[in-house]
Amino acid sequence: MSLLAVGISHRTAPVALLEQFAMSDVDRVKALHELVDGDHVAEALVLATCNRIEVFAEVERFHGGVTDVSRVLARQAGASVEELSPYVTVHYEDQAVTHLFTVAAGLDSMVVGETQVLGQLRAAYALAREEGTVGRALHPIAQRALRVGKRVHSETGIDRAGASLVSVALDRAEARIGDLSGRRALVVGAGSMGALAATTLARRGADVVIGSRTHASARRLATTLGGRAIELVHADEELVHADVLISCTGASGIVVSTDAVAMAMQRRGGRPMAVVDLALPRDVDPGVAALPGVHVVDLALLQGERVAARGSGDGSLGPVAADDISTAHAMIEAETTLLRAEQQAAAVAPTVSALRTQAAEVVDAELLRLSTRLPDLDPRSRQEIARTVRRVVDKLLHEPTVRVKELAAVPGGTDYAGALRALFGLGIDADVASEVASLADAVTVDPERAGGAA
């Protein structure tokens, strides 16, 4: 079994295509079960964010796994596998582990160093656990990814220097209409992205107004920020007074219409407005961008700026130092190597257990033969002989069992467990292997403890 990562992200696909992958919680659950119910995927985790959808799966065969995952992605997008293939990226085994760690660290984000993806990965892992689609293979990998992401942010300057997608979008808005301090800002949506947007606006001194389909959620968020909550039906009226609008709901259709913004602009007396659309699929009607005095910042614009930056030699929209990025990649490489070593060492455990079980059975059989041949042997002598024989066997096995664990942890791909089985004629007992695996499951770490707070 090996880890496979198949997905589509802002690096390979236009925003218009990414919009087709927008997933509700129900969609995520359906995709998880569709994946593991297939022929080649044993475990699965689906990471769906505003600029990527990726499946991390434990598979028996590479090609079969890619086919199964691609079919699920194509169904979600309402497209064919052939139509998606130019935009799909595939990583396998160690490369897949490294990619997952890189994503968790914010190094593969549209804004390098952003932290929101770590929380999104934690939520994706929690959902997969709840639905029973992760097991003993994906548990340690996902937990390690959460720890790696947290470590990169805490031990490098990425966490301090890397801007969030919201911060970069607001920078673009300020470049168009000026400083936001003292300006009125309307945030539509009170979910995780809405909360991040409202918090960032408050820190920049804006007067924040929050509208949401669930008024209680808007009210709670507004209370924590000293802002004001409104019923979403009153958002059109609020547009008349707002200098910046940020929309980031989970709706599947248009939330802010061209007509609503046009009517608001007619009543504003020529004052410009910045409209920031961070939803996927988009909340704001594309026609809004053509209105006089309206400056739209959306994911397509930010993606285009990233492509331009990459073409000029800088793939980042955030002010992350090259040294921080280099350090982060070195940490990820080291963690990937360490995880592989731990997995290889763990794979030897059933073989070592089988060897010791076989040795114990041989000793017991020989002591029984001794009892048959020397029935008059006194109990004290019998016990001493048994202890001596077992000590000899333990000493003979100690060095090879310790060494095979050490050698298995060294990169190189040598199957030391297989060699040991061949040399001693071992057939791994299914119960022994299951017991060892169960012990590994028993020490899995809770995702909150593994990743900490996002």
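Condition test on Gly250, is it over 29 Å from His10 (Cβ atoms), in a loop (DSSP other than H, G, I, E, B) and at pLDDT below 90? Reasoning before the result, please.
Numbers: over 29 Å from His10 (Cβ atoms): no; in a loop (DSSP other than H, G, I, E, B): yes; at pLDDT below 90: yes.
Judged against the criteria, Gly250 is not a match.
Does Val134 qualify as being outside any helix (DSSP H, G or I), crowded, with 18+ Cβ neighbours inside 10 Å and either among the small types (Gly, Ala, Ser) or in contact (Cβ under 8 Å) with a residue 24 or more places away in the chain (or both)?
Judged against the criteria, Val134 is a match.
Would you call Asp283 surrounded by 19 or more Cβ atoms within 10 Å (Cβ to Cβ), in contact with a helix residue (DSSP H, G or I) (Cβ under 8 Å, 6 or more places away or on another chain), closer than 23 Å to Ser167 by Cβ and among the acidic types (Asp, Glu)?
In short, no.
Report, by residue number, each residue of segment 22-47 that is surrounded by fewer than 22 Cβ atoms within 10 Å (Cβ to Cβ) and under 26 Å from Val166 (Cβ atoms).
Ala22, Met23, Ser24, Asp25, Asp27, Arg28
If Arg271 satisfies all but one of (1) in contact with a helix residue (DSSP H, G or I) (Cβ under 8 Å, 6 or more places away or on another chain); (2) over 15 Å from Val288 (Cβ atoms), what's the number of the condition it fails?
(1)
Yes or no: Ser212 in the same structural domain as Gln266 (by TED's automatic domain parsing), under 23 Å from Ala264 (Cβ atoms) and hydroxyl-bearing (Ser, Thr, Tyr)?
Considered against the rule, which asks whether it is in the same structural domain as Gln266 (by TED's automatic domain parsing), under 23 Å from Ala264 (Cβ atoms) and hydroxyl-bearing (Ser, Thr, Tyr), Ser212 comes out as yes.
Select, from Val152, Val148, Val117, Val112, the only residue that is in a loop (DSSP other than H, G, I, E, B) and either among the hydrophobic types (A, V, I, L, M, F, W, C) or under 18 Å from Ile332 (Cα atoms) (or both). Please lay out each step first, then the result.
Numbers: Val152 fails: in a loop (DSSP other than H, G, I, E, B); Val148 fails: in a loop (DSSP other than H, G, I, E, B); Val117 fails: in a loop (DSSP other than H, G, I, E, B).
One residue alone meets the criteria, Val112.
Can you tell which of Arg219, Arg282 is touching a strand residue (DSSP E or B) at 6+ places or on another chain (Cβ under 8 Å), farther than 22 Å from Asp179 by Cβ, part of a helix (DSSP H, G or I) and not hydroxyl-bearing (Ser, Thr, Tyr)?
Arg219
Among the residues of segment 207-239 satisfying the criterion of being among the aliphatic types (A, V, I, L, M) and surrounded by fewer than 16 Cβ atoms within 10 Å (Cβ to Cβ), which is nearest to Val188 (Cα to Cα)?
Taking the candidates together, the pick is Val233.
Could you please find all residues in segment 361-381 being closer than 17 Å to Arg391 by Cα and of a type in the set (Ser, Thr, Tyr)?
Ser381
The values are calculated or read from the model by the stated rules, or taken from the named source; none is laboratory data. A quick note: this is a predicted structure, and the numbers were derived from the prediction, not measured. Cβ sites come from the backbone with ideal geometry, for glycine too, and all protein chains shown count toward neighbours.
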